[in-house]
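Data block below; observations after.
The values are calculated or read from the model by the stated rules, or taken from the named source; none is laboratory data. Note that the structure is predicted; figures quoted are calculated from it, not measured. So basically every Cβ, Gly included, is an ideal-geometry build from the backbone, and we count neighbours across all protein chains shown. These area figures cover heavy atoms from the full protein model, side chains too; ligands, DNA and RNA do not enter into them. Shrake-Rupley method; radii C 1.70, N 1.55, O 1.52, S 1.80 Å.
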Amino acid sequence: MPLLDVRNLTMHYVTKMGDVHAVDDVSFMIEAGEAIGLVGESGCGKTSIALTLLRLLPDNARFLGGQVLFEGKDLTHIPEEEMRKIRWRGISMIFQAAMNSLNPVYRVGDQIIEAIQNHLPISYREAKRRVSELFELVGLPPEVIDRYPHEYSGGMKQRAVIAMALACDPKLVIADEPTTALDVIVQDHILRRIDEVRKKLNMAMMYISHDIAVIAEVSQRLGVMYAGCLVEFGDTVTIFKRPAHPYTVALMSAFPSIKGEKRKLQGLPGEPPDLLQPPLGCRFHPRCAYATAICAQRAPRYEEIEPGHLVACWNPRSGRA
Amino acid sequence: MIPRRNVGIEPLWKIRARLWARSLRKNWGLFWESRIGPLGLAIILFFVLLMVAHPILMATVWDPRVYDPVVGFDRAMVGRHPAPPSWAHPLGTDPIGRDILSQLMWSTRSEFALGVTSALITVVIGTFIGAVCAYFGGVVDTFFMRLADLVMLFPFIALLMVLRSIVTLDLWRLALVMGVLSGFGGITIILKAQALTVKVKPYIEAAKVAGGSAFHIIRRHIVPNIMPLSFLYMMFNVTGAVFTEAVLSYFGLLDIRMSWGIMIHTAESAGYLGAFGQYWWLWAPPGAAITLLCFAFYLVGRGLDTVVNPRLRKR
Amino acid sequence: MMSTILQLQNVTKLFPVKQRTFALKVRQFVHAVDMVNFAVETGEIFGLVGESGCGKTTTGKLIVKLYEPTSGKIFLDGQDITLIRSGAALRRFRRAVQMIFQDPYESLNPRFTIFDTIAEPLEIHGVRSLSEREAQVAEILSQVGLTPPETFMFRYPHELSGGQRQRVAIARAMVIRPRFVVADEPTSMLDVSVRAGVMELLLELRRDFGVSYLYITHDLAVARYMCERLAVMYLGKIVELGSTEVVIQTPLHPYTQALLAAVPVPDPTYKREPPQIKGDVIAPINPPPQCRFLPRCPKAQEVCARSPHPPLVDVGGGHFVSCYLVR
């Protein structure tokens, strides 16, 4: 049984102008202890998926269907009381720009202690001991526990936020752009540290990022999102070797690299679609160089083209025998 | 070389007018949704109706000798003034036999003139000084900010009392004095704070790099971006001006022929305020009018607030 | 024939730090840009690379005269622009040098239509006739790929996507045909799929207009794609400078090496070694006289602690390094 099994997840945001089709029929699985990545551009629905999993959606979101099986239990149907227990202890999340969410008037350590005590019935002293363990785990010196957020650098704040997410030994941590605002050297330190912790504690990670290079380095399997749809999912090495969806191909050739030959970048024509009125058929077809007549009429099925490699495309680039 | 295209579509002013109309429609929609804004506007319209109706009534059904708000007198009821409401005088008469309703309607005009003029002066000064202070900073900023502190701390009513002993304070002078004083006062600080958030935007730097002078940047970028807030504060200022006028008139400090404040003053100086409730038609109509008009402008301000501050909007 | 369009000579910019102590009035300064020297050739794209707070944006703003240097000289076509104060000379300078900003959401006035934004520099630089302005705006819009221009001219920024907005910002900078453009992270806030298009556009405009760029970025991969030469900055100092491929393939300064080693590689089979660097970046407030990189340098030796900050020395073929251990 996989740790997390997401089936046909669909979620819209209701606005005055109409429904925003934010997550459309998304299915994937996460095994215990594995790191998966979710790549896509801003507004493609990757953060919305995470929020749907944790049931942390804003008021105007409408959950329209699908199942989220966490250790076999469907999170979409359990009472809020039970869900609260699963957040943090079962699945925790490192939010995007969370380092800016530390309260400036409280000591960082106390904020984490408070968070722990909200979820676990332990004493202040025990919680504090837990925090120093966590700080060691994420590579923060113990003396900074009693300092205030403004005395932390950006990288230190991010580490503290990660420590907070790890506080209750979750089985799955969702990291939404965990290093986006940070410089590369700090980013490298933090990603390495998260990976060490993941292996040590045997927890699963779900990285959400727009940076395909970061995902390539940290994930074992990855999913590519476009306009609310999961267009490709599979083993990271396989996808990089044999990308099947034209969007995945485009994403890879749009990224400059410091390694290898300098090659011409291939941008995509046009802009990502307005999710108020997503294109009929395949949502990528207006920008796709390989689109055929059927692409504009019917949405492609999300199917396996080789073991463990799923693609939603009428004309996949490679992989199909 | 790409050949020059001539855009020759439509004259620019036409496009601008259309864009302007579109944004007006959109903002009106937001204002409408605020609910309290339109309510305020309806009350204001009601007062405008009263204002417009007065000269018409005077020209048609109301005999000027009886119904003139200042020199009128109803001879038919000698000895019974102040008379309670009747068919002839829907809101009764005052102690010297003048029609209350006529006074109330006639005064609306001066309340509007005073409120709008003084608020307009306030906002023009506040916007300009705020923008200049934010843009230049330094000594200019310090000077006007300390001046604002001083003006805010100053006993405003006392100052007007002193001023009145030097010059006669008619409606326009009062509007000017109030407008100038509050223009240099608190509103400058608020608008400067807003201007500061505009000043640090990269488009200001872009305009500088493009060669824009300080005057150009203040006029084209900073002022238009703080205008919505200025307009909002203008509504609140109308409220302040109407209130101040009422207070000053009540103490008999103004050289105005008739106003809501003076109506209360008349009742008070003739000794009819003491018996509370007995001569209610003397003080209740002007009192209610003052409260209602101030309330209306405040509601419009709150309604505009939801247009100006997207944070306050419901999703 | 190569000629130098822009040259920086010992350019320094100090920002005073506000202090709340009443007792000792020791003036403290952030050394944002400290004795920086480099030159950009005509038609070249020169990259300025470094982490946040290294002084790269400050350098850019000094070049476009949004800041004035504390000391040092900046030459544009041989003329010292730090001496320009006002009048016709300043107007000529503003026409010659433009800037593209990082944030396409904040760098356009939300109350201006696209036409207003792009026509503003034309208006300032004395294009009086409205039809002439309209024609020029339409032309530049189609040159930056916003076609047909009529459909974009009278829209507001919030009606455009990030990529389209950045194209508008580029059009605003290019409409008065500058000779030198400072591009401050023009693609860092854009989505990946439109980023390449904007980078290609900047390269195209260089070809068509013969403009030279100072390209500021934190992304070495982007710098590699865009620039002929680049300089790596660390805490206000240039630590390494040379042609892009040489610096990226054979970095000599320990900081450049660490920076390159930290860049993620879009290849899951490649196992990257961790970068060799200690500690965290500190703010350059009244920095000690030694090498700026000394506290974090994995290779530091005794000579580094004894000597002042190392000079930027040519190690051959126009590859400059500021390190005592590289000779």
*Residue by residue through the stretch C:140-159, note down the ones that are open to solvent by less than 10 Å² (accessible area, probe 1.4 Å) and either within 8 Å of another protein chain (Cβ to nearest Cβ) or charged (D, E, K, R) (or both).*
C:Pro149, C:Met153
*Are any residues in the stretch B:192-212 more than 30 Å from B:Leu176 (Cα to Cα), in contact with a Leu (Cβ under 8 Å, 6 or more places away or on another chain), assigned to a helix (DSSP H, G or I) and open to solvent by 20 Å² or more (accessible area, probe 1.4 Å), and if so, which ones?*
B:Glu205, B:Lys208
*For the stretch A:34-54, which residues satisfy the criterion of being farther than 21 Å from A:Ile194 by Cβ and open to solvent by 20 Å² or more (accessible area, probe 1.4 Å)?*
A:Ser42, A:Gly43
*asked:* For the stretch B:256-284: of the residues being modelled with pLDDT under 75 and among the aromatic types (Phe, Trp, Tyr), which is least open to solvent (accessible area, probe 1.4 Å)?
replied: B:Tyr272
*Taking the stretch B:218-228 on its own, how many of its residues are without any contact (Cβ under 8 Å) to a residue 24 or more places away in the chain, surrounded by fewer than 21 Cβ atoms within 10 Å (Cβ to Cβ) and either at the interface with chain C (Cβ under 10 Å from one of its Cβ atoms) or hydrophobic (A, V, I, L, M, F, W, C) (or both)?*
2
*asked:* Restricting to the stretch A:255-268, name every residue that is more than 7 Å from chain C (Cβ to nearest Cβ) and in contact with a Ser or Thr (Cβ under 9 Å, 6 or more places away or on another chain).
replied: A:Arg263, A:Lys264
_For the stretch A:165-185, check the following and say yes or no: at least one residue is in a helix (DSSP H, G or I), away from every other protein chain (no Cβ under 14 Å) and not acidic (Asp, Glu)._
yes
_Lone qualifier among B:Phe184, B:Phe215, B:Phe236 - being open to solvent by 40 Å² or more (accessible area, probe 1.4 Å), within 14 Å of another protein chain (Cβ to nearest Cβ) and aromatic (Phe, Trp, Tyr)_ = B:Phe215
*asked:* I'd like to verify a number: residues in the stretch A:292-309 that are open to solvent by less than 40 Å² (accessible area, probe 1.4 Å), aliphatic (A, V, I, L, M) and assigned to a loop (DSSP other than H, G, I, E, B), how many?
replied: 0
*Report yes if some residue within the stretch B:5-12 is touching a Leu at 6+ places or on another chain (Cβ under 8 Å), part of a helix (DSSP H, G or I) and surrounded by 14 or more Cβ atoms within 10 Å (Cβ to Cβ); otherwise report no.*
yes
*Taking into account only those residues within the stretch B:62-81 that are among the charged types (D, E, K, R) and closer than 16 Å to B:Leu101 by Cα, which is most open to solvent (accessible area, probe 1.4 Å)?*
B:Arg65
_Residues located in the stretch C:111-126, provided they are open to solvent by 20 Å² or more (accessible area, probe 1.4 Å), facing another protein chain (nearest Cβ under 8 Å) and part of a loop (DSSP other than H, G, I, E, B)_ = C:Arg111, C:His125
*Checking C:Val321 against (1) open to solvent by less than 50 Å² (accessible area, probe 1.4 Å); (2) facing chain A (nearest Cβ under 9 Å), which single condition isn't satisfied?*
(2)
*Exactly one condition in (1) closer than 27 Å to B:His221 by Cα; (2) open to solvent by less than 10 Å² (accessible area, probe 1.4 Å); (3) in a loop (DSSP other than H, G, I, E, B); (4) not aliphatic (A, V, I, L, M) is not met by C:Gly60; state its number.*
(3)
*asked:* Please go through the stretch C:242-290 and give me each residue that is within 10 Å of another protein chain (Cβ to nearest Cβ), surrounded by 16 or more Cβ atoms within 10 Å (Cβ to Cβ), more than 30 Å from A:Asp235 (Cα to Cα) and touching a residue at least 40 places away in the same chain (Cβ under 8 Å), ordered by number.
replied: C:Thr244, C:Tyr255, C:Val281
*Taking the stretch A:138-152 on its own, how many of its residues are surrounded by fewer than 17 Cβ atoms within 10 Å (Cβ to Cβ) and closer than 19 Å to A:Ile194 by Cα?*
2
_Pairs with Cβ under 7 Å, 6+ apart, first in the stretch A:3-17 and within 11 Å of another protein chain (Cβ to nearest Cβ), second of a type outside the set (Asp, Glu)_ = A:Tyr13/A:Val20; A:Tyr13/A:Ala22; A:Tyr13/A:Asn60; A:Tyr13/A:Ala61; A:Val14/A:Asn60; A:Val14/A:Arg62; A:Thr15/A:Asn60
*Could you tell me whether B:Met258 is outside any helix (DSSP H, G or I) and out of contact with any Lys or Arg (no Cβ under 7 Å at 6 or more places or on another chain)?*
yes
*Looking at the stretch A:245-291, which of its residues are among the charged types (D, E, K, R) and surrounded by fewer than 19 Cβ atoms within 10 Å (Cβ to Cβ)?*
A:Lys259, A:Glu261, A:Lys262, A:Arg263, A:Lys264, A:Glu271, A:Asp274
*Which of the residues belonging to the stretch A:220-242 are under 20 Å from C:Val194 (Cα atoms) and open to solvent by 20 Å² or more (accessible area, probe 1.4 Å)?*
A:Cys229
*Of these, A:Leu57, A:Leu69, which one is open to solvent by 10 Å² or more (accessible area, probe 1.4 Å), more than 14 Å from chain C (Cβ to nearest Cβ) and in a strand (DSSP E or B)?*
A:Leu69
*Of all residues in the stretch A:5-33, count the ones that are farther than 17 Å from A:Arg62 by Cα and either in contact with a Leu (Cβ under 6 Å, 6 or more places away or on another chain) or open to solvent by 20 Å² or more (accessible area, probe 1.4 Å) (or both).*
6
*Go through the stretch A:206-255 and count every residue that is among the basic types (Lys, Arg) and assigned to a strand (DSSP E or B).*
1
*Could you please let me know if B:Pro95 is away from chain C (no Cβ under 14 Å) and assigned to a loop (DSSP other than H, G, I, E, B)?*
yes
*Of all residues in the stretch C:63-90 being within 12 Å of chain B (Cβ to nearest Cβ) and touching a residue at least 40 places away in the same chain (Cβ under 8 Å), the one that is farthest from C:Ile216 (Cα to Cα)*: C:Tyr67
*asked:* Among the residues of the stretch C:11-18, are any surrounded by 22 or more Cβ atoms within 10 Å (Cβ to Cβ) and assigned to a helix (DSSP H, G or I)?
replied: no
*Long-range neighbours under 6 Å by Cβ, at least six apart or interchain, first residue within 9 Å of chain A (Cβ to nearest Cβ) and surrounded by 17 or more Cβ atoms within 10 Å (Cβ to Cβ) within the stretch C:192-211, second part of a helix (DSSP H, G or I) and polar (S, T, N, Q)*: C:Val198/C:Gln166
*Selected residue [in a helix (DSSP H, G or I) and either in contact with a Phe, Trp or Tyr (Cβ under 6 Å, 6 or more places away or on another chain) or surrounded by fewer than 21 Cβ atoms within 10 Å (Cβ to Cβ) (or both)] from B:Thr117, B:Thr127*: B:Thr117
